[in-house]
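The values are calculated or read from the model by the stated rules, or taken from the named source; none is laboratory data. Because the structure is a prediction, the values reported are computed rather than measured. Methodologically, a virtual Cβ is constructed for each residue, glycine included, from the backbone with ideal geometry; neighbour enumeration extends over all protein chains shown. Heavy atoms of the whole protein, side chains included, go into the accessibility calculation; ligands, DNA and RNA do not. Shrake-Rupley method; radii C 1.70, N 1.55, O 1.52, S 1.80 Å.
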Amino acid sequence: LKMSWFWFYLPLHLLMAACLCHSIKAPPTSSQQSFKTDLFNFYHSLILADGKETTIHLLKDIPRRYYFVLEEGRALAPFTITVTPCDVPIEWSILVHKASASFLGKAARGDHDTQEVSKSQKASSMVSTIFNYKGNSVETYMGMSSHSAVYMLEFLSTERDTHITVYLTTDTTSGHLYPELPMDPRIDVMGIGHTTVTLTWKHSPSVLQHRENIQYCLLVNEKHNYKSLCAAETAIRSSGMRLPPTLALSLSPYLLEPQQVMILSNSELSIINRVSSGEVRQICMGTKNTYTVPNLSPSTQYYFDVFVVNLLTNASAAYTGTFARTLEEPEPKVTALKDGKVIQVVLDGKKQKFYSLQYQARHKKIQFTFQLCHGQVRAHITKNGRTVASENISGLRHFSLKGKLLDTYLVQLRSTEETNSSVKVQVSPHFHKPLFPLLPESLKIKSFSKLRTCNSVTIAWLGTQEESKYCVYKKKIEEDQVWMELRSADRCSGPESRHKSEKVLCKYFYDINLQRAVTTETINGLDAGTLYLFDVYLFGPSGIPVRYHSKVVKTRKRC
């Protein structure tokens, strides 16, 4: 019997010692009946720190218990407890064990015997539950405590392992750890566009009082709203990446993961996390309470959460989240294609928008021809809504298609790089009268290093079985111009864009045997040790030119 009472009093001895030595708090439990039993296991539990946010990890179906009491000498004092679930809903409760001051004093001094303690404990102890909550919202309990009360907080997760943060304070005179929310904490949607949403919210009182230490941060995602910042960070981590705590909020120099992109402009920090369920953006904009979210996808529902953050403590408070669906993208303008007519399309690489062409067939067999002029272009062709061809265009490309009369073909073109691209398009039912010339297997120009001299070079290129006209042009360039000249070359432009002085010669040739359909030319009158850009233009029966790939050759410096 004496041993059982020893274990009952042991927590109280530890509790009172903790209060006297550290001026902090101590013990509570899971249900009213088990409260006294839990005091038996006090040495396995933790005392909750006052004035500090504590992170607690919970294992599924295993309760965690924390205790606290008031400082010695305070009869009544207010206290607040804020619990923030960082993932799944949890259950938590506050229990109080009230005992007389004389009983606690004797327990602390050891001035008692077993019989006296038994009577005193039975007469003056009372256990009651003062608060219960189940959910995943941030909850704050405010109450009054006496120095003769022992409190216990019990936390339980029934879904899976998780973690929470708990903040206990008895000092209501100093500043708040968490920023304050306004009376109306809702986020208002002021405007919706195809790729933008404009939001506004009322200022936090903390921003008005401590402007230099407070800022707003916005979270944008396509899944759902988050009730706390730690819940959002947990969701991002669970998607397969490691996200440093409050990365976007503290502006700390963390290294980003490969799935993350950081953008800093106009005093705004944006972090884009590419996760399996889409992008999650974190945008911190200082103390502005109106923001237009850019670069959204049309016809997509987004969820928006605003957090007001204390930069000194990284503590945050969440506004009531909202959501909005961007407007549907307007149908692109469709240009009609006519038989045999060639049109040139310039595509905006930055906007990455499709350019649409439509053709209604008047013959069962038709042929689409694409000539890439500049950049990189992808073509997508559908017939009556079904895809019949889709690929990147390189040089000159023909698509021969079969169908029915009055079939509707839709051609969609877009640039596959951020710079502008250009392509020529033609559709024709007349296979025997093509506007574009018959092309050789390769449009490369070859130079012969051994045949180079100080004032001449020899080049060669492939021809076809069809007699065609070939014109050669040369241009003197500098070393630092080579890359730009090759990249900016318009492969659809003809000799009319060249200066007359650049023309070298024009010639006709063909060969029925493709193995022998090759021609060479030696260009004389060049300067020693000089770079030249050579171009060959092929003209078909219709007169539309096709430009071979430019070739840069340098004459010998010494001969």
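Quick rundown of the values:
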| quantity | calculated |
| --- | --- |
| Carbon plus sulfur fraction of accessible area for region 334-428, probe 1.4 Å, in percent | 46 percent |
| Cα→Cβ-extended label distance, 7 Å offset, between residue 325 and residue 57, nm | 4.2 nm |
| Paramagnetic reach from residue 418 (point 7 Å along Cα→Cβ, amide N under 13 Å) across region 331-355 | 349-352 |
| Contact order normalised by residue count of region 334-428, Cα under 8 Å, 6+ apart, percent | 47 percent |
| In range of the label at residue 509: residues from region 521-559 whose backbone nitrogen is under 16 Å from the point 7 Å along Cα→Cβ | 521-524, 535-539, 548 |
| Within straight-line cross-link reach of residue 98, lysines at Cα separation under 27 Å, skipping those fewer than 8 residues along the same chain | 2, 25, 36, 52, 106, 119, 122, 134 |
| Nearest-0.05 FRET efficiency for residue 488 and residue 91, computed from C-beta distance (R0 51 Å) | 0.15 |
| Label-to-label distance, nm, for residues given as residue 557 and residue 448 (7 Å Cα→Cβ offset) | 2.5 nm |
| Distance between modelled label sites at residue 522 and residue 498, nm, 7 Å Cα→Cβ extension | 2.1 nm |
| Length gained when the stretch residue 130-residue 195 is fully extended (0.36 nm per residue, less Cα-Cα span) | 18.5 nm |
| Rounded to whole Hz, the Karplus (6.51, -1.76, 1.60) HN-Hα couplings of region 390-396, x for glycine and proline | 7, 6, 6, 8, 9, x, 10 |
| Length released on extending from residue 476 to residue 222, taking residue separation times 0.36 nm less the Cα-Cα span | 85.9 nm |
| Sequence-distant lysines (8 or more away, or on other chains) whose Cα lies within less than 29 Å of residue 551 | 424, 444, 446, 450, 469, 474, 475, 476, 500, 503, 507 |
| Global form of region 445-554, assessed from the alpha-carbon gyration tensor, a/c cut-off 1.5 | oblate |
| Solvent-accessible area per residue for region 445-554 (1.4 angstrom probe, square angstrom) | 54 Å² |
| Potential extension, residue 184-residue 438 segment - 0.36 nm per residue separation minus Cα distance | 84.2 nm |
